Amino acid sequence: MTSTADTSFDSQQYRQPVMERTTKELLDEFNHSDIPAMETVSPAEAREMMTDAQSSVPFNLPPADVLEKTITVEGHEIPLVIVRPSQAKDVLPGFMFFHGGGWVIGDFATHERFVRELVSQSGAVAVFVDYERSPEARYPVALNQVYAATQWVAAHGDQIGVDGNRLSVVGNSAGGNLAAAVALRCLLEEGPTIRQQVLFWPVTDVRFDTASYAQFHEGYFLTRAMMRWFWDHYTTDESERGSIWASPLRASLDQLQGLPPTLIQTAEFDVLRDEGEAYARKLGEAGVDVVCMRVNGLTHDFGNSNALCQVPAIQSAVRMAAQEIRRHLK
């Protein structure tokens, strides 16, 4: 093997993002397909699009015991899906899981593999909250439901084999937004004690003008137009959009102080990257123990993508998150 340096090497070339190869293949195929832009179809059609995308590729489901339970809080029914480590009989720590999809699309089926991965690798029980989606139920319905479900599990977790005193909140994308808001409500409204929050590529602010929005606004799965569409279905009221419950990045340092240890993961090729990382910096300034991990080469929602679940970088990121959940719920 020669030790001679590559004289054609351009150091500037690798200061720009380089996409992971399997992700690039999938993205090229998507961008050259006749799949309509999500913001041009109805919410019902958008939901079918996500279901089709997640079910169109072969993948394995990690073993787990899955059961459904509906709770009633203040006269309102909230469906839950309980995902336990396979054949585990003891009361175990748990994490609330709030799914992504811009508050509009997504459900347990589109997130089941991802949730099972986290359960099998963390040893904790996932409580998946099947909240009502927008536009049928607009802000703050979903937030109120996931918060009520968290309160219920903290108080009555023994009914589903969960230790309500050892509880994390976890969510991806818009679900990360809900997880951040629930953690804030638990703190500011003296609700349940949350051991940890895990925010996967979260929505943290209703702005579309960050550097990552400018760089990746089109052609990288999640677009600026799609995010505007999601937000418009969630709420068009400016005071609601700017509240800390919808835009947690706007919480003051005093409001953030006292939040539990936090893990935030972001994707390099993602419009939401900068607002997720900004939230991590603000949490750190408020004295919160925070780990922020950007995964280079990947696009939005990488951990939940069934088509990409064999990518080594994605497997490592999911494993790291599960280990953090395990560590904080000891």
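List of remarks:
- A search for C-beta distances below 9 Å between a residue of segment 269-294 that is under 16 Å from F216 (Cβ atoms) and any residue that is at pLDDT below 95, counting only pairs 6+ apart in sequence or on different chains, returns F269/P17.
- Test: residue in segment 73-92 that is exposed (fewer than 11 other Cβ atoms within 10 Å of the Cβ) and in contact with a helix residue (DSSP H, G or I) (Cβ under 8 Å, 6 or more places away or on another chain): yes
- Taken together, the residues in segment 211-241 that are farther than 21 Å from L184 by Cβ, assigned to a loop (DSSP other than H, G, I, E, B) and touching a residue at least 40 places away in the same chain (Cβ under 8 Å) amount to 6.
- Pair list, Cβ < 6 Å and 6+ apart or interchain, from segment 126-146 residues that are touching a residue at least 40 places away in the same chain (Cβ under 8 Å) to residues that are among the acidic types (D, E): Y139/E240
- Residue within segment 125-132 that is surrounded by fewer than 18 Cβ atoms within 10 Å (Cβ to Cβ) and hydroxyl-bearing (S, T, Y) present: no
- When we screen A211, A180, A225 for residues that are crowded, with 24+ Cβ neighbours inside 10 Å and hydrophobic (A, V, I, L, M, F, W, C), the only hit is A180.
- Residue within segment 109-125 that is within 30 Å of D232 (Cβ to Cβ) and touching a Cys at 6+ places or on another chain (Cβ under 7 Å) present: yes
The values are calculated or read from the model by the stated rules, or taken from the named source; none is laboratory data. Note that the coordinates shown come from a computational prediction; the quantities given were computed from them, not determined experimentally. Neighbour counts run over all protein chains shown; Cβ positions are idealised from the backbone, glycine included.
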